[in-house]
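What follows is calculated from the coordinates using simple rules that are stated; it is not laboratory data. All figures in this text were calculated on a predicted structure; none of them were measured in a lab.
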Amino acid sequence: MPTPLFLGLDSEKQQNIFMAGVSEFAEYGYENSSTNQIVKKAGISKGSLFKYFPTKEDFYFYVLDKIAAELISSLEEKINTLSTDLFQRIVEYSVLEFSWYILYPEKSKMIVKAFTKNDTDIYKKTILKYGNREQEIYYWFLQDIDTTQFRWDRQKTLDMVKWFLKGFNDDFLTKIQKQANSSFEIIEKEYIKELSEYIEVLKSGIVK
């Protein structure tokens, strides 16, 4: 968490420090990032950084929290424009999310690195911190879908789709980490294509 000293800075200086963190964490992740490079990019001393944030980890989660909040806010603004059909909504939501990634590639790279499965302590802390929130968002964005075509109980159906999406996204994040030079436009096409193919399989078991 930021200290009162950081919160007392003017908004421009706060933003400079935030963006320096985005740049470094997006490029190198948490483990390989350098606070020396962060303060150099931000134009502050290393001592100042640790007066603003007690640890590197505090600063990392401040940056990640802020990015996640920006993404969620952007999605919330447009959620009412999406289809009430379960599978169509999933695809449209994915397109909506990728449109944000394309607009903010550096912030998006940090999100990808933060949530790609690995054995580091920081990843485990990230999942612990965001796991419940991710589930809440999932059920929130599907709250008004049309359930009349479901073969099975609504909750069981949504749970099954949730498990599928979790596994699909975990595998996809791991894959795109190996495509570091690909743009989010290219990644989006591949993601939507694969997602749509698997959705057709799911439909056969869920829709009447």
Go ahead and estimate [θ] at 222 nm for the chain from helices alone: -39,500 (n - 2.57) per DSSP H run with n ≥ 4, summed, over the residue count, rounded to 500. -25000 deg cm²/dmol
Tell me the angle of helix 86-103 to the major Cα principal axis of the chain, expressed in degrees between 0 and 90 and rounded to the nearest ten. 20 degrees
Debye-sum result for the chain in log10 I(q)/I(0), which assumes one identical scatterer on each alpha carbon, at q = 0.11, 0.14, 0.15, 0.16 Å⁻¹: -0.60, -0.90, -1.00, -1.11
Measuring from the longest principal axis of the C-alpha atoms of the chain, the long axis of helix 11-28 (C-alpha) lies at a number of degrees, nearest 10, equal to 70 degrees
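Pulled fully out, how much extra length does the chain show between K40 and V95, if you take 0.36 nm times their separation in residues and subtract their Cα-Cα distance?
Taking 0.36 nm per residue and subtracting the Cα distance, the gain is 16.2 nm.
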How many angstrom separate the Cα center of segment 134-208 from the Cα center of segment 67-124? 12 Å
Bin width 10 Å, origin at 0, all Cα-Cα pairs of segment 1-124: what percent of pairs per bin? 12, 39, 30, 14, 5, 0
Starting from the Cα-Cα distance between K66 and T84, subtract it from 0.36 nm times their residue separation and give me the gain in nm to one decimal. 3.5 nm
How tilted is helix 56-78 with respect to the longest principal axis of the chain? Cα atoms for both, answer in degrees (0 to 90, nearest 10). 40 degrees
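In the structure displayed, which of K178/K203; K66/K109; K66/K129; K78/K208; K13/K46; K56/K178 lie more than 23 Å apart, Cα to Cα? Walk me through the numbers on the way to the answer.
Values: K178/K203 30 Å; K66/K109 14 Å; K66/K129 14 Å; K78/K208 29 Å; K13/K46 15 Å; K56/K178 26 Å.
Going by Cα-Cα distance, K178/K203; K78/K208; K56/K178 fall outside the 23 Å limit.
Using only the C-alpha atoms of segment 105-208, find the volume of their convex hull and express it per residue in Å³. It would help to have the intermediate numbers written out before the result.
Details: hull volume 12.6 nm³, N = 104.
About 122 Å³ per residue, rounded to a whole number.
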